[in-house]
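Working notes, beginning with the structure itself.
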Amino acid sequence: MTQIDILRNNLIDRLLNVDNPKLLKALDSLLKESSGKSDTYRFTKEQLELLKKSDQDIADGRTHSHESVINDAREWIKKK
């Protein structure tokens, strides 16, 4: 018996003892979601637009290094 078979059987044994309908509905929903979709994330139109804008910012040099942002933040904190 493989590890997956053992895990599946253990889960089945545990599920047979569950009498909480909310938990069972949640598990059912989770299983439906995971079995019907691929692992690919689908971006919204707004997210895609923001990603395009950020790519353009990078291409146009409108970026700051991590170090410069940290240094600016430290200087700002010193002034407070």
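The values are calculated or read from the model by the stated rules, or taken from the named source; none is laboratory data. Here the structure is a predicted model, which means the values were calculated and not measured. Neighbour counts run over all protein chains shown; Cβ positions are idealised from the backbone, glycine included. Accessible surface areas use protein heavy atoms only, side chains included; no ligands, DNA or RNA. Shrake-Rupley method; radii C 1.70, N 1.55, O 1.52, S 1.80 Å.
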Practice prompt. Could you figure out which of (1) under 24 Å from the mean Cα position of the chain (by Cα); (2) part of a helix (DSSP H, G or I) isn't true of Ile4?
Written response: (1)
Discussion item. Against the condition surrounded by fewer than 10 Cβ atoms within 10 Å (Cβ to Cβ), outside any helix (DSSP H, G or I), of a type in the set (D, E, K, R) and free of Cβ contacts under 8 Å to residues at least 24 places away in the same chain, how does Arg14 come out, does it pass?
Written reply: no
Worksheet entry | Considering residues of the range 34-66 that are under 30 Å from Arg8 (Cβ atoms) and open to solvent by 100 Å² or more (accessible area, probe 1.4 Å) only, the residue nearest to the chain's Cα centre (by Cα) | Tyr41
Worksheet entry | Answer residue from the range 17-32, given it is open to solvent by 100 Å² or more (accessible area, probe 1.4 Å) and of a type outside the set (S, T, N, Q) and is nearest to the chain's Cα centre (by Cα) among those | Leu30
